[in-house]
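The values are calculated or read from the model by the stated rules, or taken from the named source; none is laboratory data. Since this is a predicted model, take the numbers as computed values, not measurements. Counting neighbours? That spans all protein chains shown, and the Cβs are built from the backbone with ideal geometry, glycine included.
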Amino acid sequence: MEILDLTLDKTLQEKLKKYRLRISEYELMKNLLKREPRSIEWALFSALWSEHCSYKSSKIHLKKFAWKHPRVLTAEGENAGVVDLGENERIAFKMESHNHPSFIEPFHGAATGVGGILRDIFTMGARPIAIADYLCFGEAEAPRMKTLMKRVVKGISYYGNCVGVPTVTGATYAMPEYNQNILVNAFALGLFENNRKVTVSSAQGIGNLVVYVGAKTGSDGVHGASMASEAFTEDMESKRPTVQIGDPFYEKLLIEACLEILDQDLVVAMQDMGAAGLTSSSFEMASKGKVGLRLQLDQVPLRDSRLGPEEILLSESQERMLLVCEPSKLEAIQKVFAHWGLESTPIGQVVAGREIELLWKNEILTKIDPDLLVENAPMYQRPYSKLKIKNEIQYPGKKPTSDSKKWIYRQYDQRVGLRTMQEAGHPVALVRLESGRALSIALGCRPWLMKQDPVVGAYDTIFEPSIKMVCSGAWPVAITDCLNFGNPENPEIMSEFVASVEAIAHSARLWDAPVISGNVSFYNETEGQSIPSTPATGVVGLKQKNSFPVHDYFVKENLKVVTISLDEPQNFDPEKIVKSAKTLFELIEKGRVSSARLITEKGLQHTLDMMSIQNFKCNITFEVNFKSLYNVVLAFESQFENEIKNTFPDHFIVQGQTVPSSVPFDLSAKIIQFSKTWGVS
Amino acid sequence: MKIGVVRFPGTNCDRDVYKWLQDQGHQPQFYWHEDLFSSQEVEALVLPGGFSFGDYLRSGAVAARSPIMNSVKEVANQGKPVLGICNGFQILCEAGLLPGALIPNSGGEFIDDWAELKSPSTKQLIQLPIAHGDGRYFIHEEDRKKLWDQNQVWWQYTQMLNGSVDQIAGVTNLSGNVRGLMPHPERAYQDWMGGIDGWKFWI
């Protein structure tokens, strides 16, 4: 925090505090306006210049993700990137944090996290077909933690189940470092069905109408964006009113109504009202379209008639969208919304010029160029230093994760929509497409690894889910990220942030899977105590139709069982690892492998147990202290043994064979071959 | 067969049921909760799962009182097959077309899993997915006896999952044409779904 200049007059100091702006930002505001800001303008700048909306600490680094890839369709700045998978199938996906609200009010915080990310997807014209969640909790003994875990899961379950989108996978970690700051990141993926075109968010066409659709505006979530850009202090109770309340039933209707008007081609542009509500949606639509807007704020449908213009502008009430349409299409739009029992209200027009005019009962509150707020937001080059790979990875002695996640995913509807081929109990989810191909979805980031080595940890956020995916017969096609960090003004944290962005950007190129969307969440700290840097990722891969079956468990007897390593012990070489992964993928594609599974931090024995769920097991079992990160159990027909051995000559450790579950373990079995650098316990 | 699929605001298994019926060679047709239709238009009806009217008040309670239910009753009274799945089952119970009621699971949590089911009459065992928060079948003691005497218990869970009376997963009306169950047959009719017991499950 910047220390306030005591010589400033008291009202200015109070304003800066209320609107969470710095004195330097106030000066910039004045320079841009060439005058003192009016009261409503304070609110606008506060929202749009919040870290949450402006990415002011991260923007210059996020440019490293920019990459013109032939598979990616959307321009930068849209809600999420679109990936063209060929065969007339296109998908959009994104991941977003809802950490602060979920710590304050876990049920509604987590629920609205899901609701918000779904709107990011269907606002583009894609029907959401899968949800996934990345969760970090503290120790179960920490204050409130059992309740937080229970209520977060219940919130996700409540929203996702009701809205009818399956929750297919996730990742959950528990570490004391998250006692004061839990992480709740929601991922959603949508499919453009019926050849629906990708909807844009830039307002177009002078004279077109600005239409408000969905739920009425209430006072919930006012100042939510700037709240989410601040560290917690002991005064948490007072922030509860900044948390939004969601209604998944309403969202379900909104999805159907929005997709229907898009199918009927009634819409010029559409944008969901997320963080900073009407302010950010309208300003971004105008800024992108390079047009002006005239908005009658008194026309906004209200849940509480006492709300004034500032609250209306900043409310983060859920399940609302803003769209632009030609005047002749309004009636048809209203008919569709009425069918679904929803309101749709014109609240303004697209006008010539480049200014947004905000009116309240015929009085002009402000007339302002949206680019002043959107394009001229402050950008900070926070101090950082360059980090290097340490190569001192140790698997944690204590398990960083709870034993089974079943209590979590059992509460999620995993099959609605008839696409789920492989659900949350598996290393990756498989979601079926109409072409018969399948999307593979996995979330990454192992916080215990980030803590040991932030560079390796950041590579691992892509490598771990991607290698799991390879084991399922899929190769990554695109990536989203949700970068959860502490205070960016702390150079150590900023260094980890920059290293993470670089590692993810590099990984994306190595795997040929571009980063198509993302989100940054800073200030995950309480009373000076920051979370471990947690750049969570969502990796989506593609599994071809009629590919040879490969399973994550043993499917028959008399198969050879080995473990191989894709990396060298204590020598993290990203290029080499991807090359090994590619070699493994080719073996799987050729049908040489019956079962494959990445060994997790829970160890070899646990992985072998997980592979023995369907009547067959490996005849030998023991633990290995791996010093390499990516070790895979393979099972294959003996005729392929030489080919696989020749492909991974130095990497065989265990060699056993599959037997029916009822056969006792062969305790006399020897390890055939293992590299001297691996320890056997 | 021409089969109507009834949609309420909040129904979310409608498209799945449509596909399930279509893939089995039927001609499904959607109906919206505000519409009345002639019972002559359909040979059978399905009320799919979801959260009709957000499950506010009680699961299925609001939907059971919407205009289309008059048409649903007409079809049922003509002896044509009517199937309620999950929320559809709850609606049929709330509408009085099936006996009993569905209340929150005994564990208080939503359950998503595969469940083994047994037919009390044929002893057939099948596996179907379940996904419900209010799936605990309840019926008063005197009606429970009647249910068994009149062979109205359609499916039972082979394990206690949600606190249902007699582990009941599905029931029929007295004449057997109206049926409801909590598990989802439409989610298990192709190998890649993990099971095929939902294929030709009903008609």
### Query
Restricting to segment B:59-97, what's the tally of residues that are closer than 30 Å to residue B:194 by Cα and either of a type in the set (S, T, N, Q) or surrounded by 22 or more Cβ atoms within 10 Å (Cβ to Cβ) (or both)?
14
## Note on the structure
Of the residues in segment B:32-53, those that are surrounded by 19 or more Cβ atoms within 10 Å (Cβ to Cβ) and within 14 Å of chain A (Cβ to nearest Cβ) come to B:33, B:48, B:49, B:50, B:51, B:52, B:53
### Task
Search segment B:105-150 for residues being part of a loop (DSSP other than H, G, I, E, B) and within 13 Å of chain A (Cβ to nearest Cβ), and hand back the single one that is surrounded by the fewest Cβ atoms within 10 Å (Cβ to Cβ).
B:108
### Query
Yes or no: residue A:80 modelled with pLDDT under 90, of a type in the set (Gly, Ala, Ser) and either in contact with a Leu (Cβ under 8 Å, 6 or more places away or on another chain) or exposed (fewer than 13 other Cβ atoms within 10 Å of the Cβ) (or both)?
no
### Task
Answer yes or no as to whether residue A:629 is of a type in the set (A, V, I, L, M, F, W, C), assigned to a helix (DSSP H, G or I) and either more than 29 Å from the chain's Cα centre (by Cα) or in the same structural domain as residue A:663 (by TED's automatic domain parsing) (or both).
no
### Task
Go over the candidates A:393, A:462 one by one and state the one that is at pLDDT 95 or above and of a type in the set (Val, Ile, Thr).
A:462
### Residues that are assigned to a loop (DSSP other than H, G, I, E, B) and under 22 Å from residue B:198 (Cα atoms), drawn from segment B:43-58
B:43, B:48, B:49, B:51
### Task
Filter segment A:158-192 for residues that are among the hydrophobic types (A, V, I, L, M, F, W, C), within 14 Å of chain B (Cβ to nearest Cβ) and not in a strand (DSSP E or B) and give the result.
A:162, A:163, A:165
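Here's the yes/no breakdown for (1) within 12 Å of chain B (Cβ to nearest Cβ); (2) modelled with pLDDT of 95 or more:
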{"residue": "A:406", "(1), (2)": "yes, no"}
{"residue": "A:416", "(1), (2)": "yes, yes"}
{"residue": "A:425", "(1), (2)": "yes, no"}
{"residue": "A:430", "(1), (2)": "yes, yes"}
{"residue": "A:434", "(1), (2)": "yes, yes"}
{"residue": "A:441", "(1), (2)": "no, yes"}
{"residue": "A:444", "(1), (2)": "no, yes"}
### Task
Go through (1) at pLDDT 90 or above; (2) exposed (fewer than 14 other Cβ atoms within 10 Å of the Cβ); (3) closer than 30 Å to residue A:449 by Cβ and name the single condition residue A:593 misses.
(2)
### Task
Would you check which residues across segment A:326-342 are within 14 Å of another protein chain (Cβ to nearest Cβ) and over 13 Å from residue A:265 (Cα atoms) and list them?
A:335, A:337, A:338, A:339, A:340, A:341, A:342
### Query
What is the number of the single condition among (1) part of a helix (DSSP H, G or I); (2) modelled with pLDDT of 95 or more that residue A:205 does not meet?
(1)
### Task
Show the residue pairs that are 6+ apart or on different chains and have beta-carbon atoms under 6 Å apart, the first residue being within segment B:57-86 and over 12 Å from residue B:31 (Cβ atoms), the second being among the acidic types (Asp, Glu) and surrounded by 19 or more Cβ atoms within 10 Å (Cβ to Cβ).
B:59/B:134; B:60/B:94; B:61/B:94; B:64/B:94
### Query
Restricting attention to segment A:501-550, which residues are part of a loop (DSSP other than H, G, I, E, B) and of a type in the set (S, T, N, Q)?
A:524, A:533, A:544, A:546, A:547
### Query
Say we look at segment B:1-15 and pick out the residues that are surrounded by 24 or more Cβ atoms within 10 Å (Cβ to Cβ) and within 8 Å of chain A (Cβ to nearest Cβ); which of these is farthest from residue A:255 (Cα to Cα)?
B:13
### Task
Give the residues of segment B:169-200 that are away from chain A (no Cβ under 14 Å) and without any contact (Cβ under 8 Å) to a residue 40 or more places away in the chain, sorted by residue number.
B:174, B:176
### Query
Which one of A:623, A:637, A:641 is in contact with a helix residue (DSSP H, G or I) (Cβ under 9 Å, 6 or more places away or on another chain) and among the acidic types (Asp, Glu)?
A:623
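Here's the yes/no breakdown for (1) at pLDDT below 95; (2) hydroxyl-bearing (Ser, Thr, Tyr):
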{"site": "A:223", "(1), (2)": "yes, no"}
{"site": "A:234", "(1), (2)": "yes, no"}
{"site": "A:253", "(1), (2)": "no, no"}
{"site": "A:266", "(1), (2)": "no, no"}
{"site": "A:279", "(1), (2)": "yes, yes"}
{"site": "A:296", "(1), (2)": "no, no"}
{"site": "A:309", "(1), (2)": "yes, no"}
### Query
With respect to residue B:23, is the statement that it is in contact with a Pro (Cβ under 8 Å, 6 or more places away or on another chain) and within 14 Å of chain A (Cβ to nearest Cβ) true?
no
### Message
With the structure loaded, tell me whether residue A:601 is closer than 30 Å to residue A:520 by Cα and touching a Phe, Trp or Tyr at 6+ places or on another chain (Cβ under 6 Å) or whether it fails that test.
### Response
yes
### Query
Hey, does segment A:283-291 have a residue that's within 14 Å of residue A:211 (Cα to Cα) and more than 14 Å from every other protein chain (Cβ to nearest Cβ)?
yes
### Query
Quick check: anything in segment A:465-480 of a type outside the set (Gly, Ala, Ser) and in a loop (DSSP other than H, G, I, E, B)?
no
### Query
Which residues, taken from segment B:2-37, are in a loop (DSSP other than H, G, I, E, B), among the hydrophobic types (A, V, I, L, M, F, W, C) and in contact (Cβ under 8 Å) with a residue 60 or more places away in the chain?
B:8, B:13
### Query
Quick one: which strands (runs of 3 or more DSSP E) sit completely within segment A:555-626 and have at least 3 residues that are out of contact with any Pro (no Cβ under 8 Å at 6 or more places or on another chain)?
A:560-565
